Amino acid sequence: AKRAGKGTFRLFTPATAEDPRARLELETGLRRALDEDEFELYFQPVVDTVTGRTVGAEALVRWNSADGIVTPLRFVPVAEETGLIVPLGAWVLEEACRQTRAWALAHPEREPLRINVNLSAVQFSRPNIVAEVADTLLRTDLPPEQLCLEITETGLMADTELTIATLRELKALGVRVAIDDFGTGYSSLSYLQRFPVDVVKVDQAFTAGLGRSQVDSEIVAAVVRLAAACGITVVAEGVETVEQRRALVDLGCPLIQGYLIARPLPAGQFEDLWLARPDG
Ligand code: C2E
Ligand code: CA
Ligand code: CA
Ligand code: CA
């Protein structure tokens, strides 16, 4: 017992395991939240590094629970395990498309925004995902080219043939596809060539290393260069400082997203920010 130490302790309380009662409560809460419309989308601008223009936004879900706002880091994993991500994800997609279309109609003088929607691997691997996306675009009247679906690098790895076929079908609809959290999984740069994607989102871990880690800077530089060669655009996530922005401009990274520009905002605040900025 003396030598049991940390290792043994972890056997009984793995850091990742949650109290099953707390999980069940969360699951019950999520079901009710879906019924009672307690979810809300926040929008974070995606900005052109050269012009400073807001060219798009990422839709990020929030849960307005009785106990306050709950972060998706807490409930998305549970929603994925319970299958609730399917109705939740459908709501997110529909609401994001509806809002984006409404903004385009309300501000016809503006370049239409591109909307990025996170698609869980659970949603992506469902056989009717392409039809669901197509139906949502029809229902909301959103031109397909305004929609970009973000799928994490790890979500793209499973079952490569089917993955590539699904990506091609989505692209055939006219929507764009992004690899999210690029660099965090086990993929290599060759994935950029292998998967038919339009956008790669460099994970914020690399952005954080800019100016501090030579290796991180070189990784970002390599991604930007290879992406350009493959006709893929790059978004650097998690830009928090002017130094990081400057480094990204120097590396030729076309698009950035992060707290330096804005935090994710409720729809009304996002719209105000978008309209307050010079569009050109
Ligand atoms: P993600 O897709 O990688 O989204 C980016 C996350 O980074 C967001 O966290 C965003 O608020 C945060 N972020 C943005 N700029 C900065 C920055 O400058 N610094 C730092 N430290 N963080 C920044 P959020 O909104 O809490 O979402 C966390 C994750 O939850 C997302 O990571 C995504 O994986 C998942 N998620 C959020 N909304 C949805 C959704 O509608 N569907 C699905 N399937 N997953 C979602
Ligand atoms: Ca994302
Ligand atoms: Ca990401
Ligand atoms: Ca992430």
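Would you confirm whether any residue within region 254-269 is in contact with a Cys (Cβ under 8 Å, 6 or more places away or on another chain) and over 23 Å from T71 (Cβ atoms)?
Pass one, region 254-269, residues in contact with a Cys (Cβ under 8 Å, 6 or more places away or on another chain): none.
No, because not a single residue in region 254-269 is in contact with a Cys (Cβ under 8 Å, 6 or more places away or on another chain) and over 23 Å from T71 (Cβ atoms).
So, of the residues in region 80-102 that are within 11 Å of ligand 1 (Cβ to nearest atom) and touching a Ser or Thr at 6+ places or on another chain (Cβ under 8 Å), which turns out to be farthest from R32 (Cα to Cα)?
L93
Which residue out of L170, L105 is farther than 19 Å from D37 by Cα, loosely packed, with under 15 Cβ neighbours inside 10 Å and of a type outside the set (D, E, K, R)?
Working: L170 fails: loosely packed, with under 15 Cβ neighbours inside 10 Å.
Criteria check complete, one pass: L105.
Quick one: D198 ticks every box in (1) within 14 Å of ligand 1 (Cβ to nearest atom); (2) in contact with a Lys or Arg (Cβ under 7 Å, 6 or more places away or on another chain) except a single one, so which number is it?
Of everything listed in (1) within 14 Å of ligand 1 (Cβ to nearest atom); (2) in contact with a Lys or Arg (Cβ under 7 Å, 6 or more places away or on another chain), D198 misses just condition (1).
Working only within region 161-180, note down all residues that are of a type in the set (D, E, K, R) and free of Cβ contacts under 8 Å to residues at least 40 places away in the same chain. Reasoning before the result, please.
So the first thing to find is which residues in region 161-180 are of a type in the set (D, E, K, R), and the list is 161, 168-169, 171, 176, 180.
E161, R168, E169, K171, listed by residue number.
For E109, which of the numbered conditions (1) of a type outside the set (V, I, T); (2) more than 19 Å from the chain's Cα centre (by Cα); (3) at pLDDT 95 or above fails to hold?
Result: E109 fails condition (3) only.
Quick one: how many residues across region 235-255 are crowded, with 19+ Cβ neighbours inside 10 Å, among the aliphatic types (A, V, I, L, M) and more than 16 Å from ligand 4 (Cβ to nearest atom)?
4
Say we look at region 35-63 and pick out the residues that are loosely packed, with under 14 Cβ neighbours inside 10 Å and not in a loop (DSSP other than H, G, I, E, B); which of these is nearest to ligand 2 (Cβ to nearest atom)? Talk me through it step by step, then tell me what you get.
We begin by selecting, within region 35-63, every residue loosely packed, with under 14 Cβ neighbours inside 10 Å; these are 35-37, 48, 50-52.
Narrowing further to those that are not in a loop (DSSP other than H, G, I, E, B): 35, 48.
On the way: D35: 26, D48: 18 Å.
By that ranking, first place goes to D48.
Restricting attention to region 99-143, and to residues there that are within 20 Å of T154 (Cα to Cα) and touching an Asp or Glu at 6+ places or on another chain (Cβ under 6 Å), which single residue is nearest to ligand 3 (Cβ to nearest atom)? Please lay out each step first, then the result.
Let us first name the residues in region 99-143 that are within 20 Å of T154 (Cα to Cα), namely 116-127, 129-130.
Right, trim to touching an Asp or Glu at 6+ places or on another chain (Cβ under 6 Å) and you get 116, 118, 120, 122, 130.
Values: N116: 10, N118: 8, S120: 13, V122: 17, V130: 23 Å.
So, considering only residues that are within 20 Å of T154 (Cα to Cα) and touching an Asp or Glu at 6+ places or on another chain (Cβ under 6 Å), the one nearest to ligand 3 (Cβ to nearest atom) is N118.
Please work out if T28 is surrounded by fewer than 17 Cβ atoms within 10 Å (Cβ to Cβ), of a type in the set (S, T, N, Q) and either in a strand (DSSP E or B) or touching a residue at least 60 places away in the same chain (Cβ under 8 Å) (or both).
Numbers: surrounded by fewer than 17 Cβ atoms within 10 Å (Cβ to Cβ): yes; of a type in the set (S, T, N, Q): yes; either in a strand (DSSP E or B) or touching a residue at least 60 places away in the same chain (Cβ under 8 Å) (or both): no.
No; evaluated as a whole, the condition is false for this residue.
Looking for whichever is more than 19 Å from L156 (Cβ to Cβ), within 16 Å of ligand 3 (Cβ to nearest atom), among the charged types (D, E, K, R) and under 21 Å from the mean Cα position of the chain (by Cα) here; the options are R263, R245. Which one fits?
Numbers: R245 fails: within 16 Å of ligand 3 (Cβ to nearest atom).
None of the others qualify; the one that does is R263.
Of the numbered conditions (1) closer than 24 Å to Y259 by Cα; (2) loosely packed, with under 15 Cβ neighbours inside 10 Å; (3) among the polar types (S, T, N, Q), S188 fails exactly one; give the number of that condition.
Here S188 clears every test but (1).
Would you tally the residues in region 183-240 being in a helix (DSSP H, G or I), of a type in the set (S, T, N, Q) and over 19 Å from the mean Cα position of the chain (by Cα)? Step through it out loud before you land on a result.
From region 183-240, those in a helix (DSSP H, G or I) are 191-194, 204-209, 214-229; that's our starting set.
This time we only want the ones that are of a type in the set (S, T, N, Q), so: 193, 204, 207, 214, 217.
From what is left, the residues that are over 19 Å from the mean Cα position of the chain (by Cα) are 193, 214, 217.
Total meeting the criteria: 3.
Count, please, the residues in region 174-185 that happen to be within 16 Å of ligand 4 (Cβ to nearest atom) and either surrounded by fewer than 17 Cβ atoms within 10 Å (Cβ to Cβ) or over 18 Å from N116 (Cα atoms) (or both).
3
Would you be able to say whether some residue in region 142-160 is touching a Pro at 6+ places or on another chain (Cβ under 6 Å) and either assigned to a helix (DSSP H, G or I) or in contact (Cβ under 8 Å) with a residue 40 or more places away in the chain (or both)?
Initially, region 142-160 is screened for residues touching a Pro at 6+ places or on another chain (Cβ under 6 Å), giving 146.
Checking the rest, the ones that are also either assigned to a helix (DSSP H, G or I) or in contact (Cβ under 8 Å) with a residue 40 or more places away in the chain (or both) come to 146.
Within region 142-160 (the criterion being touching a Pro at 6+ places or on another chain (Cβ under 6 Å) and either assigned to a helix (DSSP H, G or I) or in contact (Cβ under 8 Å) with a residue 40 or more places away in the chain (or both)), the answer is yes, since at least one residue qualifies.
The values are calculated or read from the model by the stated rules, or taken from the named source; none is laboratory data. On a predicted model such as this, the values are computed, not experimentally measured, just so you know. Cβ sites come from the backbone with ideal geometry, for glycine too, and all protein chains shown count toward neighbours.
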